[in-house]
Amino acid sequence: MAHKAGFVSIIGKPNVGKSTLMNVLVGERLSIITPKAQTTRHRILGIVNEEDYQIVFSDTPGIIKPKYSLQESMMSFVNGSLTDADVLLFVTDINEEHDEEDVLEKILNRDIPTIVLINKIDKALQEQVDEKIAYWQEKLKPVSIHAISALHNHNLDGIMDLVLDLLPEHPAYYDKEDYTDRSERFFVSEIIREKIFLNYQKEIPYSTEVIVKSFKEEQLKHGKGDMIRISAEIVVERDSQKNILIGTGGSMLKKVGTEARTEIEKFLDKKVFLELFVKVIPDWRSKKNYLKSFGYDN
Ligand SMILES: Nc1nc2c(ncn2[C@@H]2O[C@H](COP(=O)(O)OP(=O)(O)OP(=O)(O)O)[C@@H](O)[C@H]2O)c(=O)[nH]1
């Protein structure tokens, strides 16, 4: 049988469940997930390899009207993923009344086969589901529409086969051993960022970036195996944010550090020693040079 390969972009508004879906489809916990909108800031690839195919999924930031440079970069990642997509998985949340015009603007007239996934139906009535299916059928005329729950892995069964049908014959784009394009360092910084999204409110998560400064493998004494020593910097925009991040007597930062370390140990399957520092860079989200050095130059 001929080999198939291609790019499948997962797109939609913030918080609809794109990262949850990608992790289920790829079978790895690659993208971080939080109840807050705009958790995903980059385009992250999740690769599914079999002998006769390679599907390269892209998780992308939720589509918004950008208000500052960081969000502009986030939207350029979305545009990039639309340029090379062979198939689109458009995810929409059945319970949220998003204004989807900006999404439609991006995907209509592109001539990319589109599958609509109406997500979070575990929280909806059948009537609502039927109504939304009719709505999206009329609006997008997609290849097919599925009412799913990514969180509960419900109704996802046929989607891989459908995607595969739509992919062209092509050699693999990536090594067949790879399951992502990102480094361990990147995932470590994402896990720390996830814990910040989960532990702080209001503007703190959105004003924060995490940079892994060092990542060193060390031998434990007495033949007890390896450990990884990681040092990471948490960047915020103002002194007041730094104080909140650290918390009274360092309590909050300690909590974030412990939660992150536990998760990083699971991810790397090694013992980890994690050190966190907080640094203020005024207005970094609007400064092109910082955005570039943090990986947002697209
Ligand atoms: N009830 C329910 N919640 C879900 C489902 N899928 C995802 N969620 C929740 O929705 C929230 C957002 O999920 P994400 O996967 O981070 O959403 P996203 O679209 O990647 O979000 P952005 O990073 O803002 O683009 C999380 O709290 C998920 O647990 C679902 O099928 N049912």
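Counting pairs of alpha carbon atoms under 8 Å apart in space and at least six apart in sequence, what relative contact order in percent does the chain give?
For the chain, the relative contact order is 18 percent.
Could you check what % of the DSSP bridge pairs in the stretch 4-166 are antiparallel, to the nearest 5? It would help to have the intermediate numbers written out before the result.
Details: 8 of 30 bridges.
Of all bridge pairs located within the stretch 4-166, approximately 25 percent are antiparallel.
Just want the answer: with Cβ charges of +1 for Lys and Arg and -1 for Asp and Glu, which residue in 291, 192, 206 is farthest toward the dipole's positive end in the stretch 184-293?
Of the candidates, 291 comes out farthest on the positive side.
Have a look at 16, 256, 30 and report the one farthest towards the positive end of the charge dipole of the chain, computed about the Cα centre with Cβ charges (Lys/Arg +1, Asp/Glu -1).
256
Can you tell me the relative contact order of the stretch 184-293? Whole percent, Cα pairs under 8 Å, sequence separation 6 or more.
Numbers: 163 pairs, mean separation 31.0, N = 110.
Across the stretch 184-293, relative contact order equals 28 percent.
Taking the Cα of residue 123, stepping 7 Å toward and past its beta carbon, and measuring to each backbone N in the stretch 15-40: which are under 13 Å?
15-18, 34-37
What whole-number volume per residue, in cubic angstrom, does the convex hull of the C-alpha atoms of the stretch 4-166 give? Walk me through the numbers on the way to the answer.
Numbers: hull volume 17.2 nm³, N = 163.
Spelled out: Cα convex hull of the stretch 4-166, divided by residues, is 105 Å³.
With +1 on each Lys and Arg Cβ and -1 on each Asp and Glu Cβ, how big is the dipole of the stretch 184-293 about its Cα centre, in debye rounded to the nearest 20?
In debye, rounded to 20, the stretch 184-293 gives about 180.
List every residue whose amide H lies under 5 Å from the amide H of residue 144, counting only residues 5 or more places away in sequence or on a different chain, with H placed 1.01 Å from N in the peptide plane.
116
Roughly speaking, what is the centre-to-centre gap between the stretch 218-274 and the stretch 151-167 when only Cα atoms are used, to the nearest Å?
Spelled out, the Cα-based centre of one part sits 37 Å from the other.
Determine, at each q value in 0.14, 0.16 (inverse angstroms), the log₁₀ of I(q)/I(0) that the Debye formula gives when each Cα of the chain is one equal point scatterer.
Treating every Cα as an identical point scatterer, log10 I(q)/I(0) equals -1.10, -1.33.
Given the chain, what percent of its DSSP beta bridges are antiparallel, to the nearest 5?
So the antiparallel bridges amount to about 35 percent of the total.
If you place +1 on the Cβ of every Lys and Arg, -1 on the Cβ of every Asp and Glu, and leave all else neutral, what size is the dipole of the chain about its Cα centre, to the nearest 20 Debye?
1720
Charges on Cβ only, +1 for Lys and Arg, -1 for Asp and Glu, centred on the Cα centroid of the chain; of 168, 73, 282, which one is farthest towards the dipole's positive end?
Of the candidates, 282 comes out farthest on the positive side.
Can you give the helix-only mean residue ellipticity at 222 nm for the chain, where every DSSP H stretch with n ≥ 4 adds -39500 (n - 2.57) and the sum goes over all residues, rounded to the nearest 500 deg cm²/dmol?
-10500 deg cm²/dmol
Return the single residue from 25, 117, 268 with maximal mean-square fluctuation; model: Gaussian network over the chain, springs between Cα atoms under 10 Å.
268
Readers should treat all values here as calculations from the given coordinates under stated rules, not as data from a laboratory. Computed from a predicted structure; not experimentally measured. A quick note on method: Cβ atoms are made from the backbone with ideal geometry, for glycine too, and the neighbour counts reach across all protein chains shown.
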